[in-house]
1. Hey, any idea what Rg/Rh is for region 176-216, computing Rh the Kirkwood way over Cα pairs?
2. Magnitude of the Cβ-charge dipole of region 1-98, K/R +1 and D/E -1, about the Cα centre, nearest 20 debye?
3. Given K70/K281; K70/K90; K178/K260; K71/K180, which pairs have Cα atoms separated by over 31 Å?
4. Mind checking the log10 I(q)/I(0) for region 104-207 at q = 0.13, 0.15, 0.19 Å⁻¹? Debye, one equal scatterer per Cα, no solvent, two decimals.
5. Under 20 Å between alpha carbons, and skipping anything fewer than 8 positions from K120 in its own chain: which aspartates and glutamates qualify?
6. Within a Cβ distance under 12 Å of A241, other residues only, what is the Lys/Arg minus Asp/Glu net charge?
7. Run the Debye formula on the Cα coordinates of the chain, all scatterers equal and no solvent, and tell me log10 I(q)/I(0) at q = 0.15 1/Å.
8. Which residue, chosen from A305, F35, T221, occupies the Cα position most advanced towards the positive end of the dipole of the chain, where the dipole is computed from +1 (Lys, Arg) and -1 (Asp, Glu) charges on Cβ about the Cα centre?
Amino acid sequence: MPTETNSNNKGVLLINLGSPKSTSTQDVRAYLDEFLMDKRVIDVPYLLRAIIVKGFILPNRPKKSGEAYKKIWTTEGSPLVVISQALTDKVQKQNDIPIELAMRYSVPSIEEGILKLKQKGVDDILIIPLYPQHAMSTTDTVNEKVKEVQKIFFPTSKLTFFPAFYKDKTYIKALSDKIKKELETKKWDYLLFSYHSIPERHIRKSDITKSHCTIDNSCCTTPSNAHEFCYRHQCFATTEAVVEQLNLPKDKYSVAFQSKLGKDKWLTPSTNQLIGELPAKGINNLAVVIPSFVADCLETLEEIALEGKKDFMENGGDNYFAIPCLNEDEQWVATITTWINNWLKNK
């Protein structure tokens with residue numbers, strides 16, 4: 001275990017999305033305000049963003065979201081935060097350098113996480129955003145916030161940013177083994193890969209070639225430098241890698257996108273719509289996995305596990321289950337530890 005002297009001067013900061021402090025309307029409003037006012041989440045000019053968020057979303061959505069959070073809240077608090085902390089604790093036990101947790105929004109903040117590392121003698125930090133696929137509203141906003149905090153409060157700290165791990169072999173193996181283990185104990189005849197949707201304009205803004213991402217049936221499968229930052233491509237790549245590991249026939253799975261917000265054009269097909277349509281297509285036993293998350297949260301536990309099941313069963317389905325995220329799975333802990341060890345070896 002690390003000591004306050006930490007002779008290596010190295011440490012790791014795991015960063016996840018974040019969660020309201022409680023299910024109260026006030027706390028949910030504060031969380032949504034911070035989250036949705038992020039210029040990389042709702043990427044419009046500040047004044048328009050403020051009108052959208054403060055004028056249209058915050059007056060009503062916090063109460064509704066609070067009710068949704070109540071369905072999945074635990075005695076320890078938000079599942080996302082509780083699970084992420086349990087993961088951090090397990091990773092710490094496997095490593096001799098300090099490991100801390102931070103959230104992009106709410107608490108524990110990125111500033112708090114870095115400060116804890118500094119107090120343990122760390123000035124060389126590996127930043128691991130806990131998002132398998134790269135997106136401007138997840139990976140980018142984490143990395144930019146870290147740089148901002150470093151510049152203001154910790155200018156002497158050295159930072160290394162771990163890239164999106166959507167096709168990392170150890171991650172794919174951990175994810176595939178998790179899915180296989182869950183499928184072995186359930187009745188299923190179809191596996192739906194559901195990823196968090198994002199606006200199509202985010203895909204185009206992240207296109208470093210400025211021309212490749214046409215968001216059709218060809219751009220994600222045609223080799224391009226754009227794929228390094230293309231969320232859509234990376235979702236399909238994760239799916240293909242898992243399908244290969246599980247040896248799934250093409251008629252046994254598909255990809256969809258969930259959690260659409262607003263009226264802009266987002267990535268499709270819609271998970272919610274597809275779940276409701278599958279029974280009519282002869283799919284009576286459905287399993288859903290959500291690989292855009294590594295820790296269960298509102299979007300997996302309420303939207304998919306609860307509401308998704310309701311939609312599926314009401315439309316004639318027989319059996320439905322949502323596969324848990326990697327959470328604090330031992331193989332996932334070992335995967336992160338491998339990344340840390342590789343980083344240390346290359347220092």
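The values are calculated or read from the model by the stated rules, or taken from the named source; none is laboratory data. The structure displayed is predicted, hence computed values, not measured ones. Counting neighbours? That spans all protein chains shown, and the Cβs are built from the backbone with ideal geometry, glycine included. Accessible surface is based on the protein model in full, side chains and every heavy atom, while ligands, DNA and RNA are left aside. Shrake-Rupley method; radii C 1.70, N 1.55, O 1.52, S 1.80 Å.
1. 1.25
2. So the magnitude is around 420 debye.
3. Exceeds cut-off: K70/K281.
4. Taking Cα atoms of region 104-207 as identical point scatterers yields -0.67, -0.81, -1.04.
5. K120 reaches E4, D89, D96, E100, E111, E112.
6. 0
7. The calculated log intensity ratios at q = 0.15 Å⁻¹ are -1.45.
8. F35
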